[in-house]
Structures are given as C-alpha cells and as structure tokens.
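Scroll down for the structure; my scribbles are underneath it.
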Amino acid sequence: MSKIMIVDDDHTTVSLLQTLLELDGYDVIVVAKGTEVVNTAEQRTPDAILMDYHLADTDGVTVLKALRAHPTIAHTPVIITSGMDVSDEVMAAGADAFLVKPFEPGELPELFRQYIGE
C-alpha cells in the first residue's frame, strides 16, 4: 500500500483528503507543521507528499527545499497546492506538480499514480 503524506494545517481539508485517499487504498500520514515534515518523511518514507503552500509555521517552498536537500527523501514526489497561482515559484524550487485550490479531490489518485507508478 502506497503512503501519501498530507502537509496542511487546515483540519477540514486534511480530514476530507485523508478520507478520500484512504478509500482509494492509500496509507495516509498527516503532518500539520512544516517544521515536522522532513523528520516525519525520513521516518515514515512516504511515496508522495501533498503539501499546502501556506502553512502556519512556514511556507511550502521552504519545506520543499529542505526535502530536496535531504539525501534519503530528496526524490520523493512533492505536489504543492495553493489558492494562489504560485506554480512558477514552486516548480522552480523543485516541486513535481502544482494544483490551484480548489481542486477536484478525485484527481489526486490519478496524479499520484503518475508519480508513484501504480
């Protein structure tokens, strides 16, 4: 079973995404703080990360750069989401994909399959 890490501090969004992804057969790891992402990813080794650009304690690009600098998790696919179009910034920082909110949650399984190869 593939593991997806959701990084978002919006409880409602996380709850919805977690439920939908679990129904699609994914093991879901939830992280609310950007400062916890690298350690959690290193310990739990997710197959992909879905991360909000705006986090309460930092921003997604800062976390993305930390992930890309970490040798064991540098190649984990990272998809960034935001209500603003910051696609140029996140793609330049090393994101694999960008989704503008609101996005259709039903798109996620296909998107993850592209990067995980299931």
Provide Rg over Rh for the chain; use the alpha carbon set for both Rg and the Kirkwood Rh (inverse mean inverse pair distance).
-> 0.91
Relative contact order %, the range 3-116, counting alpha carbon pairs below 8 Å whose residues are six or more apart = 24
With labels modelled as points extended 7 Å from the Cα through the Cβ direction, what inter-label distance (nm, one decimal) is found for GLU107 paired with VAL38?
-> 3.0
Gaussian network model of the chain, springs between alpha carbon atoms under 10 Å - residue of THR45, THR13, THR76 with greatest fluctuation = THR13
Given the options ASP88, ASP27, ASP52, which has the most mean-square fluctuation in a GNM of the chain, springs set between C-alpha atoms less than 10 angstrom apart?
-> ASP88
Given the options GLU42, GLU107, GLU22, state which has the largest fluctuation in a GNM of the chain using a 10 Å cut-off (strictly under) for Cα springs.
-> GLU107
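Bear in mind that the values in this text are calculations on the coordinates, not laboratory data. Since the structure is predicted, the reported quantities are computational estimates derived from the model, not experimental observations. Cβ coordinates were reconstructed from backbone atoms using ideal geometry, including for glycine residues, and neighbour counts include every protein chain displayed.
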